[in-house]
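Below: one structure, written as structure tokens.
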Amino acid sequence: MRLGGFAGGTDPGRRRRRNEDSYVIDPPLFAVADGIGGAQAGEVASKLAAGAVKEHGADVESLVQEANRRVHQRSLEDPNMSGMGTTLTVAAVADGTISIGHVGDSRAYLVRDGNLEQLTEDHSLVGELMRTGKLSAEEAGSHPQRSMITRALGTDPNVDVDIFSVEPRVGDLFLLCSDGLTSMVDDREILRLIGEKRGDLKDLVKALIKAANKGGGEDNITVVAFEIGEASEAVSELEDTAVAPAPSAEPEPDEEDTLTEADRVPTVDTAVVSVGEIAAAYEREQEQAPAPRRGRRFLMRALSFLIVIALLFGVAYVILWGLAA
Ligand code: MN
């Protein structure tokens, strides 16, 4: 057995101005990273992690630790990057084994014998609530905090990494993806599309991204797929998938981070590079609370109150002075 074909693609989705996801196609290494942080920080975090994966040809554990160290270091050095983090799901194909390292809520799936098996556990609030039976899969899908992750790369000097390996078989298909796919497309639909597009992984990646956009495209979408072939099969050429922009999204005018059709930047992933380039930061919902504005409004109110009091005193003074005279 050996590595067969592979493909990858990323798309900002319909709602985010920026794309904070990154991916790596650098055989025998494959990875997906989904950055978190305000301004450009999320993009920087996922790219740093992806860069570390590319440059660090060691075992998966030390590779993820190195990625963590780089993101954490940068977040300490640069105040604009403070608090940033990223997910990282990486797969390393070696002789007779696929090693997987994982932190966050991106996912690795194995498609074998027509079944889709999620290999990774989501390190997310809803993932943990589901594992302890406190939340059903259906409730999780609409949970307001479904994007909150409980473990990320870069937030601490060391990170607890899930590491495991899978014994591959000829015909296996491995899928790495960010939550922008899995929050918009359910497992059944993913499996259906795999069945339909299995013959062409580039087409499959495009179809999955398209399905996520059709489902709402509320987050950046990244998909990496690779296959295990016969020993004699040639490895297909390294090729990233350019994904066409989704058919016209209806922008909601009151949403701050919404794209208009004119704003859309088509994903151009043509370079034979490993890291999905493109774009930067969306603020995750909880970062958008307009706290400073509220403070300013309070100050204005206090000032007008004082002015009214001063005026009242002035009027009273004039009246009393008039009476006394
Ligand atoms: Mn995401």
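The values are calculated or read from the model by the stated rules, or taken from the named source; none is laboratory data. Note that the coordinates shown come from a computational prediction; the quantities given were computed from them, not determined experimentally. No Cβ is skipped: glycine too gets one built from the backbone with ideal geometry, and neighbour counts run over all protein chains shown. The area values use the complete protein model at the heavy-atom level, side chains included, leaving out ligands, DNA and RNA. Shrake-Rupley method; radii C 1.70, N 1.55, O 1.52, S 1.80 Å.
Points to keep in mind about this one:
- One residue stands out in the stretch 146-172 among those that are under 28 Å from residue 16 (Cβ atoms) and among the hydrophobic types (A, V, I, L, M, F, W, C): the one that is nearest to the ligand (Cβ to nearest atom), namely 149.
- Filtering the stretch 173-188 to residues that are part of a loop (DSSP other than H, G, I, E, B), more than 10 Å from the ligand (Cβ to nearest atom) and buried (at least 21 other Cβ atoms within 10 Å of the Cβ) leaves 184, 185.
Conditions (1) within 25 Å of residue 151 (Cβ to Cβ); (2) assigned to a strand (DSSP E or B), marked per residue:
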| site | (1), (2) |
| --- | --- |
| 3 | no, yes |
| 19 | yes, no |
| 23 | yes, yes |
| 32 | yes, yes |
| 35 | yes, yes |
| 39 | yes, no |
| 47 | yes, no |
| 52 | yes, no |
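- Matching residues, the stretch 7-32, being surrounded by fewer than 24 Cβ atoms within 10 Å (Cβ to Cβ), within 14 Å of the ligand (Cβ to nearest atom) and either small (Gly, Ala, Ser) or closer than 19 Å to residue 48 by Cα (or both): 18
- Complete set of residues in the stretch 90-106 that are within 17 Å of residue 58 (Cβ to Cβ) and either open to solvent by less than 10 Å² (accessible area, probe 1.4 Å) or out of contact with any strand residue (DSSP E or B) (no Cβ under 7 Å at 6 or more places or on another chain) (or both): 90, 91, 94, 95, 98, 100, 101, 102, 103
- Residue pairs meeting the criteria (Cβ under 9 Å; at least 6 apart or on separate chains; first in the same structural domain as residue 76 (by TED's automatic domain parsing), in the stretch 29-52; second within 14 Å of the ligand (Cβ to nearest atom) and basic (Lys, Arg)): 32/107; 36/284; 37/284; 38/284; 40/18; 42/18; 42/284; 43/18
- Residue ID - nearest to the ligand (Cβ to nearest atom), chosen from residues in the stretch 77-125 that are among the β-branched types (Val, Ile, Thr) and under 16 Å from the mean Cα position of the chain (by Cα): 87
- Test: residue in the stretch 134-145 that is within 14 Å of the ligand (Cβ to nearest atom) and open to solvent by less than 20 Å² (accessible area, probe 1.4 Å): no
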